[in-house]
Amino acid sequence: MENRKPLNTLAEEIVDINRANGWKVARPTDWFDTEYKIPAVLALITSEVSEALEAYRHRDRENFDEEIADVVIRCLDLAGGLEIDIDEEVRKKLEKNRERGFRHGGKRV
């Protein structure tokens, strides 16, 4: 497998676009700050998920697809701004999930 990091590349592009468009992108120092940048971005991610749910409820596939893209873009913007190696974190999480048992935790959903 190539040593490519496509999610990190996308995150960098998203951060560049957002900065060029005048948006304040999260920075690693925001983790320790009290400006509420990180909670604000998490709230925006939640709002995009809610918009996707509404599109689904209205059977609007085109809008649903766009809102899912918005969720990913906002997540990658946060990861890129905080300098999270999102490719590595996703790979580690996938490996962790791979080791879990069938329907682990006994949850219904």
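Every number here is computed from the coordinates shown, using simple stated rules; none is lab data. This structure is a prediction, so every number in the text was calculated from the model and none was measured. Here the Cβ is made from the backbone with ideal geometry for all residues, glycine too, and neighbour counts use every protein chain on show.
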Worksheet entry | Gyration tensor (alpha-carbon) shape descriptor, the chain, a/c threshold 1.5 | oblate
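With +1 on the Cβ of every Lys and Arg and -1 on the Cβ of every Asp and Glu, and nothing else charged, how large is the dipole of region 6-92 about its Cα centre, in debye rounded to the nearest 20? Write down the numbers at each step before the final one.
Working: 10 positive and 21 negative charges, 38 e Å.
Dipole about the Cα centre, nearest 20: 180 debye.
Sorted by average packing, counted as other Cβ atoms within 10 angstrom per residue and highest first, what order do 8-16, 60-68 take?
Working: 8-16: 17.3, 60-68: 14.1.
Output ranking for 8-16, 60-68: 8-16, 60-68.
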Worksheet item: Sorted by average packing, counted as other Cβ atoms within 10 angstrom per residue and highest first, what order do 94-106, 20-32 take?
Response: 20-32, 94-106
Worksheet item: If you find the alpha carbon centre of region 83-100 and of region 1-60, how far apart are they in angstrom?
Response: 18
